[in-house]
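Report on the following structure.
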Amino acid sequence: MTRPLSGLIVALLIGLAACSTSASPDVTKVRDPASVAAGAGLYEANCARCHGADLGGGRGESGGLAPSLATRVGPSDAVLIEAVKRGAGLGMPAFATQLEESEIASIIDYVRSVQADRLDS
């Protein structure tokens, strides 16, 4: 499978999962506080400029609209990790060469902790 096609498949999976009315069980999974804290800093350094400091979405560096991560809770952790590694949608860059898999997992832990907090509100 070619890289653009695999990115499209990941984007489609995220889109389909986002249409779900129920949250992934991964949202409510208990997260390691140290991983969440590390993920907050990694998110700020790598994701906030496109997805917003509050995870609310916004215009990315390429001008595309980056979706809210605070409200799109459908995809599993595994799908999100692949999207970060390979890139997704129409402009999200791949981070596989910039971030270790453990760093990506920490970012996911941080995003999930924010999502869980908002579901509890």
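The values are calculated or read from the model by the stated rules, or taken from the named source; none is laboratory data. Keep in mind that this is a model prediction, so the values were computed, not measured. Neighbour counts run over all protein chains shown; Cβ positions are idealised from the backbone, glycine included. For the accessible areas, the whole protein counts, side chains as well, though only heavy atoms, and no ligand, DNA or RNA atoms are used. Shrake-Rupley method; radii C 1.70, N 1.55, O 1.52, S 1.80 Å.
A simple count of charges around R118, restricted to other residues whose Cβ falls under 12 Å of its Cβ and scoring Lys, Arg +1 and Asp, Glu -1, yields -1. Ordering 26-34, 39-47 by mean Cβ neighbour count within 10 Å, with the highest value first, yields 39-47, 26-34. Residues I107, I81, ordered by accessible area of protein heavy atoms at a 1.4 angstrom probe radius and largest first, appear as I81, I107. Packing here is the average count of other Cβ atoms within 10 Å per residue, and on that basis the peptides 98-105, 70-77, highest first, run 70-77, 98-105. Charge tally for S106 (other residues, Cβ to Cβ under 15 Å; Lys, Arg +1; Asp, Glu -1): -4.
For segment 39-121, the solvent-accessible area with a 1.4 angstrom probe is 50 square angstrom per residue.
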